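The values are calculated or read from the model by the stated rules, or taken from the named source; none is laboratory data. All values reported here derive from a predicted model rather than from experimental measurement. FYI the Cβ positions are ideal-geometry reconstructions off the backbone, even for glycines, and counts take in every protein chain you see.
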Amino acid sequence: MKPNPSETKGAAGAAADSPFDGETGEEDLWFLPGPPEEEVDFLPPLPRSDPDERAQIAGWEQAQAAEALHLAQAAVRFGALDERLRRGPEGWRHRLALTEASELSWLSGDRISADRLGLWQAMRISAAGEDTAALQHTAWALRRLSGGPGPGADIAGFLGRHEARGDDPLTGRIAGWNAIMKAASSLHPIVRSCFAFHLWPMAGIGPEGDVLEGAVIAARMSAGEGQDGALFAPLLMSGAGGLRGGGAPQERLQRWLQAVDQGILRAMRHLDQLDRWESDARRCIKPLSGRTPPRLIEVFRSWPMVTAPLAEELTGVSRAAVQRNIAWFEAQNLVQEVTGQGRFRVWRAALNAGA
């Protein structure tokens, strides 16, 4: 029996109208998941860097060549500062380190003044309600700027990251950092320090957004092959412009060299004033007897801000003797009181008056 043509045509039409046989637009597939999105890569770049690390420092080598004259000028001045500190008293280096650490704390947001930092370092004294973590953070910077090994092969030891062992992710990041720094060994120490500072935020080793560790590493790295006089280049004595990011490597290096150059000049002038002040102070105390006056001179030489408890701790004499001698120093215009208060007073050497 032959099929009815009308029935065959109707069946074919029904089959063509079936939603399972024809092509369907994307708007009709609302119930299906969309295409997979590209995952955000949160891994730090250094441990996953290409084996050719030298490609990352090519721009800095070109910047070093372009700024050769300015670099030579900064290097000569740093050599003069290094020799000056090597021949000078130990207190000079400590004073510059304390001043630099205090300035760095303001840059990182901790805002620790020199007198507060001095009290914490010498006596572990802090004010009521004061942020102890901020003091410890800044005191770490002071210790690293004052002495000890620099940030060489043992960057974990320099930072105090002793827990970085085995499969710890920090171990891989430190290994990546060491590889980059080894590739950058051909750069001048001052240029290498600038490169390290701007690379540090991408290393994933320190706390996010914290610039203090990177600045301390760069400052110590800038000393290079010094004679153990100047352990760091004073970057912040002329302001924080040298640490500003942005721009090509040559622009960053220009700002860095200017900060190093101006910072060294200010440090040298400061040491000149301090030397003249000490000569005047020792001449003034000749008529005096006792051990307290010369010890106070050493304290004011080493510490930019001095309180009575700090002077008592460092000189080893009684509080009454300290206050009596500081009052005499103040009457001779050798020291200045900076708070204007009757209690919790702070003094500094009157460098301008002694100049």
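Being in contact (Cβ under 8 Å) with a residue 12 or more places away in the chain, buried (at least 21 other Cβ atoms within 10 Å of the Cβ) and of a type in the set (D, E, K, R) is a property that R93 has. The listed residues are T132, T99, T171, and the only one of them that is at pLDDT 90 or above and not charged (D, E, K, R) turns out to be T99.
Check whether at least one residue in segment 231-241 is part of a helix (DSSP H, G or I) and crowded, with 16+ Cβ neighbours inside 10 Å, and report yes or no. So far as segment 231-241 goes, no, none of its residues is part of a helix (DSSP H, G or I) and crowded, with 16+ Cβ neighbours inside 10 Å. For segment 291-347, the tally of residues that are of a type outside the set (A, V, I, L, M), buried (at least 19 other Cβ atoms within 10 Å of the Cβ) and part of a helix (DSSP H, G or I) stands at 8.
For segment 98-110, the set of residues classified as over 16 Å from V299 (Cβ atoms) and either touching a strand residue (DSSP E or B) at 6+ places or on another chain (Cβ under 8 Å) or hydrophobic (A, V, I, L, M, F, W, C) (or both) consists of A101, L104, W106, L107, listed by residue number. Take the conditions outside the structural domain of G79 (by TED's automatic domain parsing) and either under 20 Å from the mean Cα position of the chain (by Cα) or without any contact (Cβ under 8 Å) to a residue 24 or more places away in the chain (or both) and apply them to D261. Does it pass? So D261 does not fit the description; no.
Each row is one residue, and each column tells you yes or no for (1) crowded, with 17+ Cβ neighbours inside 10 Å; (2) modelled with pLDDT of 90 or more.
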position	(1), (2)
A156	yes, no
E163	no, no
N178	no, no
K182	no, no
H188	yes, yes
G204	yes, no
P207	no, no
V211	yes, no
A218	yes, yes
